1. In this structure, is A:ILE48 part of a helix (DSSP H, G or I) and either more than 26 Å from A:ASN221 (Cα to Cα) or within 14 Å of another protein chain (Cβ to nearest Cβ) (or both)?
2. State whether the residues of the range B:47-58 include one that is hydroxyl-bearing (Ser, Thr, Tyr) and surrounded by 21 or more Cβ atoms within 10 Å (Cβ to Cβ).
3. If you go through the range B:1-50, how many residues are at pLDDT below 55, within 7 Å of chain A (Cβ to nearest Cβ) and either more than 22 Å from B:ALA68 (Cβ to Cβ) or part of a loop (DSSP other than H, G, I, E, B) (or both)?
4. A:ILE98 versus (1) of a type in the set (A, V, I, L, M); (2) over 30 Å from A:ILE352 (Cβ atoms); (3) crowded, with 19+ Cβ neighbours inside 10 Å: which is the lone unmet condition?
5. Is there any pair with a first residue in the range B:54-65 that is facing another protein chain (nearest Cβ under 7 Å) and under 10 Å from B:ALA28 (Cα atoms) and a second that is crowded, with 23+ Cβ neighbours inside 10 Å and modelled with pLDDT under 95 whose Cβ atoms are under 7 Å apart and which are 6 or more apart or on different chains, and what are they?
6. Within the range B:88-98, work out how many residues are part of a loop (DSSP other than H, G, I, E, B) and either of a type in the set (Phe, Trp, Tyr) or touching a residue at least 12 places away in the same chain (Cβ under 8 Å) (or both).
7. Would you mind stating whether A:SER127 is crowded, with 24+ Cβ neighbours inside 10 Å, assigned to a helix (DSSP H, G or I) and polar (S, T, N, Q)?
8. Determine whether A:SER68 is polar (S, T, N, Q) and either outside any helix (DSSP H, G or I) or under 15 Å from A:TYR297 (Cβ atoms) (or both).
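The values are calculated or read from the model by the stated rules, or taken from the named source; none is laboratory data. Predicted, not measured: the structure shown is a model, and the values here were computed from it. Here the Cβ positions follow ideal geometry from the backbone for every residue, glycine too, while neighbour counts run over all protein chains shown.
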Amino acid sequence: MNPLELTLGIMTAVGGFVDISQLVFSGQAGSKFGYVLISAFAISTIGIMVFSEMCGRVAAVAHQPVFSLMRHRLGLKLGLFTLIFSFLSTLITCAAEIGGLGMILNHLTGAPYAVMCIASTLVLMASMWVLPFKWIERTYGLLGLFMVVFVVAVVAIHPPWPKVIGGFVPQVPQGLSTKEMLSFSYFVVAILSAVMFPYEAYFYSSGGIEEGWGAKDLLTNRVTSIVGMGLGTLLSIAIVALAAQLFAPANVAPQIPGSVALQAAIPFGKPGLLLALLGMLFAVAGAAVETCMANAYSVSQFFGWEWGRHSKPWDAPRFTIAWIAVMLVALLIVLTGVEVMSLVEYSIVFSIVVLPLSYFPLMLLANDKSYMGQYANKWLAKGLGWLFFGFVTIAAIAAIPLYLLTSGG
Amino acid sequence: MRRALLPFLLIAACSKGPEADLQYISQARSLTAEWALVNEQAERGHLTAAYVDTMHQDLRQQLQSTAASLTNPRSAYGRQIQAVLREPDDAPPHELRAYASKLKQIEDSLESA
């Protein structure tokens with residue numbers, strides 16, 4: 001295991017952890033329910049650690065990407081249903097990320113939102129065309145580390161630490177009305193969805209295959225999944241704590257993503273604001289690239305096309321056309337004028353519905369000794385896998401009714 | 001699936017008046033409070049000019065869209081939201097906070113009703 005590679009892998013996972021949905025829901029969760037929902041972030045992060053580690057292990061040992069598995073394990077009909085649903089949810093997520101990029105660039109430069117959406121899409125497409133896979137992942141992941149300013153801001157504002165630490169213990173706040181209870185439940189489901197987005201699994205496992213992972217990389221996979229995502233979730237938790245401390249007393253439940261940057265401006269002034277906006281910009285740009293490529297990977301793997309960024313764009317023409325088309329359609333969705341916050345909510349609800357179908361075939365394969373040999377799931381991975389499968393299934397059933405009953409929280 | 005969702009869709013579609021407007025009152029309260037926070041931090045020199053200008057545009061646009069979504073725009077809360085919209089971009093933070101507090105009171109009273 002190369003320590004430099006490992007460190008870069010962990011830092012990339014940290015910087016690439018947050019996306020526009022997490023920014024929005026972290027800010028709102030803290031201002032509406034104080035520190036209580038920190039536990040929802042912590043538990044969901046264990047879930048994404050479990051499934052990412054499984055994805056990476058299956059990619060390294062069986063060399064099978066998620067959508068190839070899905071077609072074989074779920075059959076053509078259910079596999080195609082999952083592909084269509086997951087494609088749509090990831091496309092909406094990609095549009096939300098592009099809209100988020102436009103908004104952040106608008107706050108940074110003052111240039112018109114639509115122009116910034118178009119410009120950022122072109123820059124993302126150019127970087128995806130030119131850079132090899134590893135450097136696409138690293139560039140955005142490492143630059144996303146500017147978001148660490150939120151963690152430093154939490155320390156600077158001296159929050160009530162016993163309350164912050166108490167937030168890690170799962171609990172339901174006392175004295176909530178039925179309406180508030182429904183809203184709380186919606187936030188739990190939304191956080192689970194935002195942290196465990198299915199595109200992350202598609203991107204991570206396809207990336208493992210792109211980088212030619214083998215059994216020798218299993219330790220790197222485990223450490224990157226657990227440490228990288230564990231540290232990454234600290235960024236979201238920092239935003240929750242800052243919102244509880246700074247936004248809740250001021251009656252603010254951020255309605256536009258740009259408001260989140262105020263959390264770093266309050267203690268650090270202009271440098272804090274600029275670092276926060278830059279961190280948000282690169283983290284959201286990374287998520288836009290991941291969602292776009294995850295959709296191109298899914299379609300190509302399902303239909304058995306040549307895929308991957310390890311080869312030149314013209315060597316995998318259908319894959320290349322797929323990611324270009326996804327990016328352009330996502331941009332068109334944004335340019336229709338639909339609000340970024342609405343896109344975020346749709347992507348959260350769609351994604352949670354497709355989550356059980358994404359993780360089920362993966363878990364079957366990771367449990368299968370005939371495929372995985374000595375690297376098949378042991379009792380801990382099996383137990384956690386089924387536990388989180390249960391959580392995401394319950395969340396998938398509850399998501400749409402909760403969304404309708406609470407008008408999105 | 002459609003049958004299972006029907007009761008929820010009916011509940012969501014049938015609400016009217018203050019009950020249905022509660023989400024918009026809550027949004028307006030937060031947007032007004034965000035505006036106050038932006039102006040307070042701008043006064044302290046903590047924000048860039050580009051950020052302040054674009055936040056003002058976004059906040060005003062969102063407030064207009066929220067006001068347009070109310071089922072009862074002539075209500076007390078509708079008038080409060082219109083009053084906020086008449087404020088200049090650089091309105092004093094304490095004035096905006098006062099509007100946010102009034103909207104919060106209306107929100108709380110409707111929630112407990």
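1. So A:ILE48 does not fit the description; no.
2. Within the range B:47-58, one or more residues are hydroxyl-bearing (Ser, Thr, Tyr) and surrounded by 21 or more Cβ atoms within 10 Å (Cβ to Cβ).
3. Number satisfying all stated conditions: 4.
4. For A:ILE98, the exception is condition (2).
5. Cβ pairs passing all conditions: B:GLN62/A:GLN255.
6. Matching residues across the range B:88-98 total 4.
7. no
8. yes
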